[in-house]
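Nothing in this text is a laboratory measurement; each read-out follows from the coordinates by a stated rule. Just so we're clear, the structure is a prediction, and the values are computed from it rather than from any experiment. Cβ atoms come from the backbone with ideal geometry, glycine included; neighbour counts cover every protein chain shown.
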Amino acid sequence: MISEKMQNAINEQINKEMFSSYLYLSMAAYFERTGLPGAAKWMYVQSGEETGHAMKFFAHIIDRGGKVTLAAIAAPQIDWAGPMAAFKAVYEHEQFISKSITDLYETALVEKDYAAQVLLQWYINEQVEEEKNAVAVIDSMNRIEAHETAVLQLDHQLAKRGK
């Protein structure tokens, strides 16, 4: 059985993961509007991953006899100053989620919730990958700076993202 404190903390994380999905869908729409379908695809994939993360937490609560409590999801931003600003926002958001996951892990330690600790180890590793992926795009954009042709080439590479 999951403790009420752990259950509530995971329910909050479900909301954060679903907001992440909304944020990346909003970014996908932004990139579609601005003629960068590859970047849009990258964001669609990212959005799907975030929904998957929420559902993994959802299943954890259910599997442990807890109660999932879904809350309203805040509306995300819809415009950015450009592709670099959007990907910097991705990186900042992933850092926020990483902190939230480590705080959740701390709660699991205090609650002596070993099952949650095992689950959260997966998320901690996943967040390293999430931040790394965002930084890789930012690094590429820094290299190409304002060369529109290079932005389109990067967009083509982003379109190859799987899933």
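Computed values, structure above
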read-out	value
Listed residue (85, 144, 102) projecting farthest to the positive dipole end of the stretch 56-163, Cβ model	102
Whole-Hz ³J(HN,Hα) from phi, Karplus 6.51 cos²θ - 1.76 cosθ + 1.60, for the stretch 60-74, glycine and proline x	4, 4, 4, 4, 9, x, x, 10, 7, 10, 8, 10, 4, 9, 5
Long pairs among 88/160; 5/132; 5/88, criterion Cα-Cα beyond 24 Å	5/132; 5/88
Hull shadow area, averaged, the chain [alpha-carbon convex hull, nm²]	9.2 nm²
Residue 81-residue 4 pseudo-label distance in nm [points 7 Å out on the Cα-to-Cβ vector]	4.6 nm
Sum of -39500 (n - 2.57) over DSSP H runs of 4+, divided by residues of the chain (222 nm, nearest 500)	-27500 deg cm²/dmol
Crossing angle, helix 114-144 versus the chain [Cα axis fit, 0-90 degrees, rounded to tens]	10 degrees
In degrees, nearest ten, helix 83-110 long axis to first principal axis of the chain (Cα)	10 degrees
Karplus (6.51, -1.76, 1.60) ³J(HN,Hα), θ = phi - 60°, over the stretch 5-19, in Hz, Gly and Pro reported as x	4, 5, 4, 5, 5, 5, 4, 5, 5, 4, 4, 5, 5, 5, 4
Length-normalised contact order of the stretch 1-116 in % [C-alpha pairs under 8 Å, at least 6 apart]	37 percent
Size of charge dipole - the chain - debye, nearest 20, with Cβ of Lys, Arg +1 and Asp, Glu -1, no other charges	300 debye
Simple label model, 7 Å out from Cα along Cβ direction - residue 106 to residue 56, nm	2.2 nm
Relative pair counts by distance (%), Cα atoms of the stretch 98-163, 10 Å bins	19, 33, 21, 18, 10, 1
